[in-house]
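*Asks:* Sharing a structure with you now.
The values are calculated or read from the model by the stated rules, or taken from the named source; none is laboratory data. Nothing here was measured: the structure is a model prediction, and the numbers come from that model. All Cβ positions, even for glycine, are placed from backbone atoms using ideal geometry, and neighbour counts span all protein chains on display. Ligands, DNA and RNA are excluded from the accessible area calculation, which covers all protein heavy atoms including side chains. Shrake-Rupley method; radii C 1.70, N 1.55, O 1.52, S 1.80 Å.
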Amino acid sequence: MLLEVKDLSLSIGILRLLDRVSFAVDRGQVLGLVGESGSGKSLTALALTGLVRRIGGVVTGGVILFDGQDLAGLPEPALRRLRGKRIAFITQNPMSALDALKTIGDQVDQVARLHLGLSRRAARARTVEILTRLRIPDAAQVARAYPHQLSGGMKQRVVIAMALAADAELIIADEPTTALDVTVQAQIVMILADLVRQRQIGLILITHDMGVVAQICDLVCVLYAGRVAESGPVETLFAAPRHPYSAALIGCIPREGMAPGALKGIPGGVPSAAAYGDACCRFAERCPRADALCRRTRPPERIEGGMTVACHHPLPLLSAAPEVAR
Amino acid sequence: MTKAAEPSAGADPILALSGLTRRFQSGGGFLRPARSMTAVRDLDLTVARGDCVGVVGESGCGKSTLARLAMRLIEPSAGRILFEGADVTHIRGRRLRALRKKLQMVFQDPYASLDPRYTVRDCLEEPFRALGEKVPAGRVEQLLDQVGLPRAFAGNYPHQMSGGQRQRVGIARALAYRPDLIVLDEPTASLDVSIQAQIIALLQDLQRQHGLTYLFISHDLGLVRYFCSRIVVMYLGSVVEVLEDPQAAPAHPYTAALMASSFTPDPTARATIAPMEGEIPSPFALPPGCPFAPRCPRALDRCRSAYPPTVPTARGRVACFNPIEA
Ligand SMILES: Nc1ncnc2c1ncn2[C@@H]1O[C@H](COP(=O)(O)OP(=O)(O)OP(=O)(O)O)[C@@H](O)[C@H]1O
Ligand code: SF4
Ligand code: SF4
Ligand SMILES: [Mg+2]
């Protein structure tokens, strides 16, 4: 297993923001981390890269096994070596990873020279090759451009190129396409998915859009208010979501032939971390199936039909798993 | 240019735009010549009373400019705007204020459109005050009821509310005068999918209860196909296709590409995602001929030299030399 997160808990000050979160992703797989804003997706990403320490976060329990090594206990210098080399982090704003004053080529070259010890000339040849593979037209010319000369979609490809230049094994992408146009979003997401399969990289894709999850993820982990609601293979989840929250999130995306009025959304909103209850299901306020038990007991995780579900009253299990063409 | 007449769209057009054009000058400084671009070009559109017309396209296609033109917030460079049969293209003063009562707008960013120093009550009373009118007794409470906000919210400031709640206030404000037509410019684009679905359901309820007409601007074709009864597709300032039936198959290659770029929440539909190559060219350096030609898989030689005429189709009209046959 490339990355295995087990019972990860995280606090900032007195707030317990992640509560026993578990998931795993292997080489050649895309894991979707999905939930509404405020569900803990970005914090999970920051915890995986150790960056959460910079905002005062403390891992209070659990392990983050990357290629067998526990990152949760690793000191900052060792983490920094991993970040940018074996683990790459892509955010919604590509400029957070780019230097406005350096050319695209210099920035991508630098990664390869630093991590792989390539010469200037070899690094540039590799940069151009990577940019071309990411379907950037006129890659040699783009390498001489500055970030402000490129569109948002192009800049995001350059950030992906930097991850590839370092030969990253795990890419964590936090809403990488939210700021982009739909046609460009589709391009970037498909490029990422292709890279994962071809180069056997692991990808954790953070999104609030179940449409994106359905189209490119192999595995999905649904987060709600700092806890895992449901996780497992994507086909199984979409064929028959068991957790009422997963079902509600899927129902938020319009689909072909949906009856008028069928798109309802989820009433209310995600509770703030200060209002998290402990001995309860945190979705109870918004859940159509909630009863007294849900309000006084944390739902245990059960594993059934390949899915892990944390719910007292899950939706029915589909009898036979459907076949999905790949 | 040949043009298929805009069908009168039912017996009772509330808004009719014809030949509407808006040019912008940009740049123009020391040693830099000003450049000009056409944000909306020769646009014809009729909106029938009670209809919900969706305008869809990617960033820079001119959707927001169209909304601001229709609202008379900016002046057209050419063309006419008829509201309930009367020419309102150049009205001002008292007549324009009277028009504003019947024609309201909801903006994309509910935070930017609400004054941080105003309470919800101030904000909902403001449209009346602006015209020196008395606020009808109980109107604020009534508006809060209509948009599903507790009456106690009247004393809240914008920063005390979530994005979805702020957008409800934005909608309540647009309803204050009991308008006939509401222009909605990406009202859900900055919201979570769960909240987006709530807002769409609210808009559908309001339309039914108050017999409203909507002009709904969005970059999300899936959402428009669900919500709207008629679809207008824009690319680089021009209408490229009108679909009278939102479920109809597209005839324009750009509409087809938008459809193939949308991620439906169904893993069995993976094969249908086919991202198109390239990005939108700069509006300051448009290619001659069809503006979509550089990205179009169906482009013919003449697409690169002449602007395609608009021709009727079985499902609406299309501006294309080589439309996809039904
Ligand atoms: N006041 C202005 N001055 C100069 N150019 C403008 C002005 N307003 C709009 N434009 C240009 O007109 C074009 C259309 O802009 P518009 O805001 O209508 O696009 P849009 O479809 O709403 O895009 P988005 O999805 O990004 O909101 C863009 O290229 C924009 O930069
Ligand atoms: S545990 Fe209860 S409240 Fe929570 S999701 Fe399940 S049914 Fe709903
Ligand atoms: S006119 Fe030509 S280039 Fe333009 S969309 Fe039609 S086929 Fe494509
Ligand atoms: Mg806009």
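*Asks:* Kindly provide the set of residues from the range A:281-310 that are in a strand (DSSP E or B) and either in contact with a Phe, Trp or Tyr (Cβ under 6 Å, 6 or more places away or on another chain) or open to solvent by 80 Å² or more (accessible area, probe 1.4 Å) (or both), ordered by number. I'd like the intermediate steps shown before the answer.
*Replies:* As a first pass, look at the range A:281-310 and keep what is in a strand (DSSP E or B): A:301-304, A:307-310.
Matches in the range A:281-310: A:301, A:302, A:303.
*Asks:* Right, something else. If I filter the range B:186-195 for residues that are more than 8 Å from chain A (Cβ to nearest Cβ), more than 16 Å from ligand 3 (Cβ to nearest atom) and modelled with pLDDT of 95 or more, do I get at least one hit?
*Replies:* As a first pass, look at the range B:186-195 and keep what is more than 8 Å from chain A (Cβ to nearest Cβ): B:186-191.
Then drop every residue that is not more than 16 Å from ligand 3 (Cβ to nearest atom), which leaves B:186-191.
Imposing the further condition that a residue be modelled with pLDDT of 95 or more reduces the set to none.
There is no residue in the range B:186-195 that is more than 8 Å from chain A (Cβ to nearest Cβ), more than 16 Å from ligand 3 (Cβ to nearest atom) and modelled with pLDDT of 95 or more.
*Asks:* I'd like to verify a number: residues in the range A:129-182 that are surrounded by 22 or more Cβ atoms within 10 Å (Cβ to Cβ), in contact with a His (Cβ under 9 Å, 6 or more places away or on another chain) and of a type outside the set (A, V, I, L, M, F, W, C), how many?
*Replies:* 1
*Asks:* Still on this structure, I have one more. Tell me which residues, restricted to the range A:240-276, are surrounded by fewer than 16 Cβ atoms within 10 Å (Cβ to Cβ) and touching a residue at least 12 places away in the same chain (Cβ under 8 Å).
*Replies:* Our first condition is that a residue be surrounded by fewer than 16 Cβ atoms within 10 Å (Cβ to Cβ); within the range A:240-276, this holds for A:256-262, A:264, A:267-268, A:272, A:274-275.
Once the filter is applied, which keeps residues that are surrounded by fewer than 16 Cβ atoms within 10 Å (Cβ to Cβ) and touching a residue at least 12 places away in the same chain (Cβ under 8 Å), the range A:240-276 yields A:264, A:267, A:268, A:272, A:274.
*Asks:* Pick from the range B:259-279 the residues that are under 25 Å from the mean Cα position of the chain (by Cα) and more than 7 Å from chain A (Cβ to nearest Cβ): which of them is modelled with the lowest pLDDT?
*Replies:* B:278
*Asks:* Here is a further query. Only one of these conditions is not met by residue A:179: (1) closer than 14 Å to residue A:30 by Cβ; (2) more than 8 Å from chain B (Cβ to nearest Cβ); (3) among the hydrophobic types (A, V, I, L, M, F, W, C). Which number is it?
*Replies:* Every listed condition holds for residue A:179 apart from (1).
*Asks:* Sticking with this one: One residue is enough: does the range B:264-283 have a residue meeting the conditions in contact (Cβ under 8 Å) with a residue 60 or more places away in the chain and either within 24 Å of residue B:108 (Cα to Cα) or away from ligand 2 (no atom under 16 Å from the Cβ) (or both)?
*Replies:* To start, the set of residues in the range B:264-283 that are in contact (Cβ under 8 Å) with a residue 60 or more places away in the chain comprises B:280, B:283.
With the extra rule that they be either within 24 Å of residue B:108 (Cα to Cα) or away from ligand 2 (no atom under 16 Å from the Cβ) (or both), the set shrinks to B:280, B:283.
Looking for residues that are in contact (Cβ under 8 Å) with a residue 60 or more places away in the chain and either within 24 Å of residue B:108 (Cα to Cα) or away from ligand 2 (no atom under 16 Å from the Cβ) (or both), one finds at least one in the range B:264-283, hence yes.
*Asks:* Let me confirm something: among B:287, B:323, which residue is in contact (Cβ under 8 Å) with a residue 40 or more places away in the chain and either assigned to a loop (DSSP other than H, G, I, E, B) or within 16 Å of ligand 2 (Cβ to nearest atom) (or both)? Before you say what the answer is, go through the steps one by one.
*Replies:* Working: B:287 fails: in contact (Cβ under 8 Å) with a residue 40 or more places away in the chain.
Step by step, each of B:287, B:323 is checked, and only B:323 is in contact (Cβ under 8 Å) with a residue 40 or more places away in the chain and either assigned to a loop (DSSP other than H, G, I, E, B) or within 16 Å of ligand 2 (Cβ to nearest atom) (or both).
*Asks:* Can you find a residue in the range A:192-209 that is assigned to a loop (DSSP other than H, G, I, E, B), open to solvent by less than 10 Å² (accessible area, probe 1.4 Å), more than 9 Å from chain B (Cβ to nearest Cβ) and not hydroxyl-bearing (Ser, Thr, Tyr)? Walk me through how you get there before you give the answer.
*Replies:* At the first step, the residues of the range A:192-209 found to be assigned to a loop (DSSP other than H, G, I, E, B) are A:200-201, A:208-209.
Still in the list and also open to solvent by less than 10 Å² (accessible area, probe 1.4 Å): A:201.
Restricting the remaining residues to those that are more than 9 Å from chain B (Cβ to nearest Cβ) gives A:201.
From what's left, not hydroxyl-bearing (Ser, Thr, Tyr): A:201.
Within the range A:192-209, one or more residues are assigned to a loop (DSSP other than H, G, I, E, B), open to solvent by less than 10 Å² (accessible area, probe 1.4 Å), more than 9 Å from chain B (Cβ to nearest Cβ) and not hydroxyl-bearing (Ser, Thr, Tyr).
*Asks:* Restricting attention to the range B:297-320, and to residues there that are farther than 20 Å from residue B:43 by Cβ and not in a loop (DSSP other than H, G, I, E, B), which single residue is nearest to ligand 2 (Cβ to nearest atom)? Break it down into steps so the answer makes sense when it comes.
*Replies:* If we filter the range B:297-320 for residues that are farther than 20 Å from residue B:43 by Cβ, which is where we start, we get B:297-305, B:314.
Those still in the list that are not in a loop (DSSP other than H, G, I, E, B) too: B:301-304.
Details: B:301: 59, B:302: 59, B:303: 54, B:304: 57 Å.
This residue is B:303.
*Asks:* Here is a further query. Suppose we filter B:46, B:38 for residues that are open to solvent by 20 Å² or more (accessible area, probe 1.4 Å), of a type in the set (Val, Ile, Thr) and assigned to a strand (DSSP E or B); which single one remains? Break it down into steps so the answer makes sense when it comes.
*Replies:* On the way: B:46 fails: open to solvent by 20 Å² or more (accessible area, probe 1.4 Å).
Matching residue, one of B:46, B:38: B:38.
*Asks:* Same structure again: Could you tell me which numbered condition residue A:287 fails, if it satisfies all but one of (1) out of contact with any Cys (no Cβ under 8 Å at 6 or more places or on another chain); (2) within 14 Å of chain B (Cβ to nearest Cβ)?
*Replies:* (1)
*Asks:* Going by the structure shown, is residue A:215 out of contact with any helix residue (DSSP H, G or I) (no Cβ under 7 Å at 6 or more places or on another chain) and at pLDDT below 95? Full working, then the answer.
*Replies:* Numbers: out of contact with any helix residue (DSSP H, G or I) (no Cβ under 7 Å at 6 or more places or on another chain): no; at pLDDT below 95: yes.
Judged against the criteria, residue A:215 is not a match.
*Asks:* Something else about it: Tally the residues that are open to solvent by less than 10 Å² (accessible area, probe 1.4 Å), free of Cβ contacts under 8 Å to residues at least 40 places away in the same chain and not small (Gly, Ala, Ser), restricting the search to the range A:1-50.
*Replies:* 0
*Asks:* Since residue B:56 meets every condition but one in (1) aliphatic (A, V, I, L, M); (2) away from ligand 1 (no atom under 16 Å from the Cβ); (3) within 14 Å of another protein chain (Cβ to nearest Cβ), which condition does it not meet?
*Replies:* (2)
Let's see how each residue does on (1) within 10 Å of chain B (Cβ to nearest Cβ); (2) touching a His at 6+ places or on another chain (Cβ under 8 Å); (3) within 16 Å of ligand 4 (Cβ to nearest atom):
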position	(1), (2), (3)
A:260	yes, no, no
A:275	no, no, no
A:291	no, yes, no
A:302	no, no, no
A:318	no, no, no
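*Asks:* Out of B:124, B:96, B:143, which single residue is part of a helix (DSSP H, G or I) and either open to solvent by 50 Å² or more (accessible area, probe 1.4 Å) or closer than 22 Å to residue B:18 by Cα (or both)?
*Replies:* Details: B:124 fails: either open to solvent by 50 Å² or more (accessible area, probe 1.4 Å) or closer than 22 Å to residue B:18 by Cα (or both); B:143 fails: either open to solvent by 50 Å² or more (accessible area, probe 1.4 Å) or closer than 22 Å to residue B:18 by Cα (or both).
After ruling out the rest, the residue left standing is B:96.
*Asks:* Identify the single condition in (1) within 16 Å of ligand 3 (Cβ to nearest atom); (2) touching a strand residue (DSSP E or B) at 6+ places or on another chain (Cβ under 8 Å) that residue B:244 does not satisfy, given that it satisfies every other one.
*Replies:* Going through (1) within 16 Å of ligand 3 (Cβ to nearest atom); (2) touching a strand residue (DSSP E or B) at 6+ places or on another chain (Cβ under 8 Å) one by one, residue B:244 breaks only (1).
*Asks:* Only one of these conditions is not met by residue B:203: (1) under 18 Å from residue B:143 (Cβ atoms); (2) more than 14 Å from chain A (Cβ to nearest Cβ). Which number is it?
*Replies:* (2)
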